[in-house]
Protein chains: 2
Amino acid sequence: MKALVFDVYGTLFDVGSLVDVCQAIMPEPEAFVASWRAKQLEYTFWHSLMGQYEDFQQITAEALRYTLKRYHLTIPEEGQRRLLEAWSNLQPYPEVRMALGRLKRYQRVILSNGSPVMLETLLNNTGLQTEFDAVLSVDAVKIYKPAPQAYGLALQHLRTTREEIGFLSANGFDVVGAKAFGFTVYWVNRTGAVMDELGIAPDAVVRSLDEVATLLQEKSGRVTEGGSCF
Amino acid sequence: MKALVFDVYGTLFDVGSLVDVCQAIMPEPEAFVASWRAKQLEYTFWHSLMGQYEDFQQITAEALRYTLKRYHLTIPEEGQRRLLEAWSNLQPYPEVRMALGRLKRYQRVILSNGSPVMLETLLNNTGLQTEFDAVLSVDAVKIYKPAPQAYGLALQHLRTTREEIGFLSANGFDVVGAKAFGFTVYWVNRTGAVMDELGIAPDAVVRSLDEVATLLQEKSGRVTEGGSCF
């Protein structure tokens, strides 16, 4: 493995942490956040297929407007702005900071649907920006994952072979998209979700980023030992 | 209006009628069918964006395998085959047959995600095939709605202007896709669903196909009356 590529929303950062902001202003914050997130992703697919790209900030706002209507919620503009800004203050999953430290020897980059501004703010707010060599956004190619053009951004940046790039994502569409593109894919399945059935399986299923670090340590350990035998 | 283009699943035919087949073999047939349908659509988006088209029969089977796992159901192959075949025996919505009769003066074609075989069997089984001048499947362009190539099939077939084509669909992605393409779009919203928020609105929202027939009659009546004034 030469480099690691990380998805952001749901992989490094817990979208569920939006619930904290929602619960003060609505009765069903968990269902609302799940619905908002599902619609946000659905809109990335629709916009991409229609060939009418809008950035992730815009799509997140569209999905918010839809979800508010669906839940019969009227929230003043100021409140809506606060909900959108909460995407820049998501909590990283508990093990992320330490696990990234354990993966220091690899070139580490981000490849996300997020707009450049959203990603920059989120990484700055959580102090994780120093962990990454580059932050790549699909905004550069104006089409969302799982389009091959999106994964091509990482390949172009890293200048190595596809299978030497380890790709980590918690999102089903991203796992199949990255694997179809030819990356070595780790599905970060924290919740014990069911694997998708497109006939495209990840190379490994892990429960956390820590497990990836352990897997890679074992692997490089084996390679070193093997090497010392000759 | 020169011609009418109809979506199939959820618009002419009730996907909910799959519940009849499911309820004998599982405890939560409604939730299962809703989940199967949602996954089926999601897979059309993923396959299309990945540039790895599979036909709708194949995608429906993939979505079934996923949904069975998700609901912890083990159903023998014969039972799974019966579930897939049920897509060829969906019930048309109650008003569809009569409403299509009222719309006879227009050229009427189908434009569907369904594979040619699925569509042929469904229309033959329900005796609705004689109502349509043509049955167009996205299989001809190997990409699913809402990609413009899919809507292009109808335009190419009908050889009229985009806005002279009335497009009827119950599905949100299809409504925005067809409208973005330039058709005159009727959103058949039987359930009082919330409108999507991509900044693309249909030309009319109706509760049933009957309402479209009435709208078009009124319109052509007005045009005739208007004409007689001069």
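The overall shape of the stretch B:63-152, judged from the alpha-carbon gyration tensor, is oblate: a/c is not under 1.5, and a/b is no greater than b/c. Placing pseudo-labels 7 Å out from each Cα toward the beta carbon at A:Thr214 and B:Ile75 gives an inter-label distance of 3.7 nm.
The C-alpha atoms of chain B define a longest principal axis, and helix B:209-229 lies at about 10 degrees to it.
To the nearest ten degrees, helix A:172-181 and the longest principal axis of the Cα atoms of chain A are 40 degrees apart.
For the stretch A:16-89, the direction-averaged projected area of the alpha-carbon convex hull comes to 4.7 nm².
The alpha carbons of the protein assembly as shown stretch over 90, 55, 42 Å along the principal axes, in descending order. Peptides B:26-37, B:111-122, A:183-194 ranked from most to least packed, by the mean per-residue count of other Cβ atoms within 10 Å: B:111-122, A:183-194, B:26-37. Once C-alpha pairs closer than 8 Å and six or more residues apart are averaged by separation and normalised to the residue number of chain B, the relative contact order reads 23 percent. Sorted on the mean count of surrounding Cβ atoms within 10 Å across their residues, most packed first, peptides B:75-88, B:132-145, A:40-53 read A:40-53, B:132-145, B:75-88.
Distances, shortest first, from the label point of B:Tyr71 to those at the same position in the other copies read 2.7 nm; the point lies 7 Å along Cα to C-beta. Relative to the longest principal axis of the Cα atoms of chain B, the long axis of helix B:29-50 makes an angle of roughly 70 degrees. Among chain B residues, the one whose Cβ is nearest the axis of the rotation from B to A, given with its distance rounded to whole Å, is B:Phe45, 2. Shortest first, A:Asn89 label-point distances to identical copies amount to 5.6 nm, with the label point at 7 Å from Cα along Cα→Cβ.
The relative contact order of the stretch A:80-154, computed from alpha carbon pairs under 8 Å that lie at least 6 residues apart in sequence, is 33 percent.
Count, for each residue of B:141-149, the Cβ atoms from other chains sitting within 10 Å of its Cβ, then give me the mean as a whole number.
For this peptide, the per-residue mean of nearby foreign Cβ atoms is 3.
Cα centroid distance between the stretch B:118-165 and the stretch A:78-119, in Å? Each part's Cα centre sits 43 Å from the other's. Rolling a 1.4 angstrom probe over the stretch B:16-89 with all protein chains present gives an accessible area of which 48% lies on carbon and sulfur atoms. Position A:Asp20: other-copy label points at 5.2 nm, ordered by increasing distance, label point 7 Å along Cα→C-beta. The mean sequence distance of close C-alpha pairs (under 8 Å, at least 6 residues apart), as a share of the length of the stretch A:107-230, puts its relative contact order at 16 percent.
For chain B, the Kirkwood estimate of the hydrodynamic radius, built from every pair of different alpha carbons, is 18.4 Å.
The values are calculated or read from the model by the stated rules, or taken from the named source; none is laboratory data. Just so it is clear, the model here is predicted, and its values are computed rather than measured. Methodologically, a virtual Cβ is constructed for each residue, glycine included, from the backbone with ideal geometry; neighbour enumeration extends over all protein chains shown. These accessible areas exclude ligands, DNA and RNA; they are computed on the full protein's heavy atoms, side chains included. Shrake-Rupley method; radii C 1.70, N 1.55, O 1.52, S 1.80 Å.
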